[in-house]
Amino acid sequence: MTVRLPDGSVREVPRGRTVGEILQAWRPEESATYLAAILDGVAVDLDRRVEAGAALSPLTFEDRAGRDILQHSAAHLVAKALTEIIPEAKPTHGPPTDEGFFYDFEVRPLTPEDLEEMRRVINRTARAGDRFQRREISRAEAEEMFATNPHKLRYIHEAPEGETVSVYSTGDFVDLCRGPHVPDTHWLEGVHVLGFSAVQSTEGSGAPPIQRVRGVGFPTRAKLDAYLKMRKEAEARDHRAVGAKLQLFTFFEESPGFPVWLPNGMIVVRELERFVTEHLHESGYSEVRTPLLFDVSVYQTSGHWEHYRENMFLTTSEDRTFGWKPMNCPGSMMIFRSRARSYRELPLRLAEFAPLHRNEASGTLHGMTRVREFVQDDAHLFVSEDQIEQEIRVLLEWVRSAFTTFHLEWSYELSTRPATYLGDQETWDRAEATLEKVLKESGVQYRVSPGEGAFYGPKIDIHIRDSIGRPWQTGTIQLDYQQPIRFALEYQGADGKMHAPVVIHRTILGSWERFLGVLLEHCNGRLPPWLCPVQVRILPVADRHVELARGLLEELRASHLRVEVSDTLETLPKRVREAEVDRVPYIAVVGDQEIGDGTVSLRIRGAKGSASFSRPEFIDRVSRRVRERAFEP
RNA sequence: GCCACCGUAGCUCAGUUUGGCAGAGCGGCUGAUUCGUAAUCAGCAGGUCGAGGGUUCAAGUCCCUCCGGUGGCUCCA
């Protein structure tokens, strides 16, 4: 029989050879990295026998499919370990995830001791090198084998008619599984259990409690160690720690989820705001401010009462119930409605940076990235349908410009019509096509999430990754055909008739809170100079240089820079260290030498050592970098 | 909101296993040092051990309730 390989070559091999044997003969030097293979489009084990001519290609850990196979095998290893420790545990399922894998069990609540024990058993078992052995069995046999495990029985019953039921055994552990798997547990020596947690059952309150064990797998111990090191690094960069260290923000126990901006943080927020506001003024926006509280009838009109009430804070006064606004849109709708509108006013772009309150469930709060009160760089664009395309195009250009400023890489996600939607299908199709067209033009990577759109219109979400690869959603651009109708918005067209505008809800950075959280992790607290609370710190070498330092401070202040003098009686090395720890971008040292020749010894963050600058050169350099909003000093 | 874990000085943490005097480093204050690019030396102050209740001769330590945080889950117009 003939086997076709990925390089296009064709090999004649005897019938019944295993996939692994064929691949090893093809590329002996690389075959150690093969953990499974694709046989005629189907992922299979390396010990699968090939009985007829076929196309064959190997899978390694570097392939997403190969990586998933290893994660899934790691999940089996976890199940083997846990059932060894707690024999009555009932495994349910253990799929790969973006990060690694998990395995869900019906079992008593786990303890940290269980976790330690599990790690020990996993290490031991991995080293034992048991093979993953596939066996295809009848349904009846499977039902008997898993008679005590209702979850597995359900999977057996749910499997499509005609599908082969297979089990994999590893040592004495047998699990119902489609496969494929890595050849043996030596492949799993880089498996680590990260933690466990309860999983909210989707089957209602009567269902037994499920515990999820999460982990991650690598083909070697060294790769695992590198990953764990990266995670540790990520912890050190955590914006909650960095924000506290730099005195940017904090929280009061009495106001859980409500950020407290400290003086340093307030400077950063104001600079971000200024950055965005400058753009708005150049782009034909008007700024508005609408109330924080509305009578609930407004939310009944907007649809929030129906769809968002659980997340709203309410308050009463004189027998009226008011809701704290969770979004700015109702206020903008009411401004549009407040007088007669003409097509000549469109696009009408109303921006509003107001505090929004959302009563997020306590368990979902997370530092600055998930809070109950925040301010978005929000705006609502009232447009006619033929203006949508151009407006979106301008928005994507602003996204490019903004995220480039912060050295952040972004991608888009286009979410399309969900199962239940308002409006007619034609309008949806047209809107989706417009969004996709503009996305294509932008040249930026995007993916489509079918059915994930809001019920009132399709949307484009903006995702950024921090420097260690974790994804975050920040901005969103949403088309809305419904709220204008609910608020009975209309404008008089050139044809003299009344028309409903389309509204584009859009926020680009997302919120100051989340954006700054991600930015802090991205740059590890080394904010670009234009955002830094202190841009220049001047260190006089000794007491007699303080006057000189103050003179320089005045000069820099006159150039609108944020400067301070460090004149404590600490030693110079100590004060240099403090400035470095505070991430100050420019550290200027002045002493006898500088008095003599009118220079400044400048230490630029990120560069090694210091350099001598004349005072005008120094001031010019710093103000230019700040004015240009350069990312690095 | 659900499950688990955590909460000791401003910060980072030891002490909790096995109940028996409240500890360290950094930071702060005071003094000495007048210093050339990531930590000079000495002294002092700083605590309702998250809050409340219980067990005990005795609770930071054991038990219960609550609050807050963390990791997941759910949610995320």
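Each reported figure results from applying straightforward, stated rules to the coordinates on display, with no laboratory input. Values in this document were obtained by computation on a predicted structure and should not be read as measured data. A quick note on method: Cβ atoms are made from the backbone with ideal geometry, for glycine too, and the neighbour counts reach across all protein chains shown.
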Diffing region A:51-59: the Karplus 3J(HN,Hα) column from phi (6.51, -1.76, 1.60, θ = phi - 60°), in whole Hz with x for Gly and Pro, holds 9, 8, x, 7, 9, 9, 9, x, 10
Would you mind working out the magnitude of the charge dipole of chain A relative to its Cα centre, with +1 at each Lys and Arg C-beta and -1 at each Asp and Glu C-beta, to the nearest 20 Debye?
1000 debye
Within 10 Å of each candidate Cβ there may be at most 14 other Cβ atoms; applying that plus a DSSP loop requirement, which chymotrypsin sites (Phe, Trp or Tyr not before Pro) in region A:429-498 survive?
A:Phe455
Can you run phi through the Karplus equation (6.51, -1.76, 1.60; θ = phi - 60°) for region A:409-419 and list ³J(HN,Hα) in whole Hz, with x for Gly and Pro?
9, 10, 9, 10, 10, 9, 9, 9, 3, x, 4
Taking just the C-alpha trace of region A:222-355, give me its Rg and Dmax in Å.
20.9, 68
What percent do you get for the relative contact order of region A:412-462 when only Cα pairs under 8 Å and 6+ apart count?
69 percent
Over region A:475-633, what relative contact order in percent results from Cα pairs under 8 Å that are six or more residues apart?
20 percent
In terms of modelled amide H atoms, which long-range or inter-chain residues lie less than 5 Å from the amide H of A:Ile538?
A:Glu564, A:Val565, A:Ser566, A:Ala588
Amide H of A:Ala89 versus every other amide H placed in the peptide plane: which residues, excluding those fewer than 5 positions away on the same chain, fall under 5 Å?
none
Projected onto the charge dipole of chain A (+1 at Lys/Arg Cβ, -1 at Asp/Glu Cβ, origin at the Cα centre), which of A:Pro501, A:Gln247, A:Leu176 gives the Cα projection farthest towards the positive end?
A:Gln247
Loop GluC sites (Glu not before Pro), region A:107-171 (other Cβ atoms within 10 Å of the site Cβ: 16 or fewer; DSSP)
A:Glu161, A:Glu163
Starting from the Cα of A:Lys459, draw a straight line to each of the lysines and keep only those under 17 Å, dropping any in the same chain fewer than 8 residues away.
A:Lys437, A:Lys440
Checking the cross-link filter: which aspartates and glutamates have an alpha carbon closer than 18 Å to that of A:Lys325, excluding same-chain neighbours under 8 positions apart?
A:Glu287, A:Asp295, A:Glu306, A:Glu310, A:Glu352, A:Glu360, A:Glu373, A:Asp377, A:Asp378, A:Glu513
What order do you get for A:382-392, A:496-506, A:3-13 when each peptide is scored by the mean count of other beta carbon atoms within 10 Å, highest first?
A:496-506, A:382-392, A:3-13
Can you list the HN-Hα couplings for region A:570-579, worked out from phi with the Karplus curve (6.51, -1.76, 1.60; θ = phi - 60°), rounded to whole Hz and with x for Gly and Pro?
6, 5, 4, x, 4, 6, 5, 4, 4, 5
Using alpha carbon centroids, what distance separates region A:395-439 and region A:280-295, in Å?
23 Å
Would you grab the residues whose amide H sits under 5 Å from the one on A:Arg17? Only those 5+ places off in sequence or on another chain, please, with H modelled 1.01 Å from N.
A:Val50
Over what distance in Å are the Cα centres of region A:44-73 and region A:496-510 separated?
50 Å
Using Cα positions and a limit of under 26 Å, work out the lysines in reach of A:Lys232, with same-chain residues fewer than 8 apart set aside.
A:Lys223, A:Lys245, A:Lys608
Using the 2.2 N^0.38 Å rule of thumb for compact globular proteins, work out how region A:435-506 stacks up: its C-alpha Rg over that value, please.
1.45
Quarter of the surface of the C-alpha convex hull for chain A, i.e. direction-averaged projected area in nm², equals 39.0 nm²
When the helix-only estimate is applied to chain A (DSSP H runs of n ≥ 4, each -39,500 (n - 2.57), divided by the residue count), what is the mean residue ellipticity at 222 nm, nearest 500 deg cm²/dmol?
-10500 deg cm²/dmol
Any idea what the relative contact order of chain A is, in percent, if you count C-alpha pairs under 8 Å spaced at least 6 apart?
9 percent
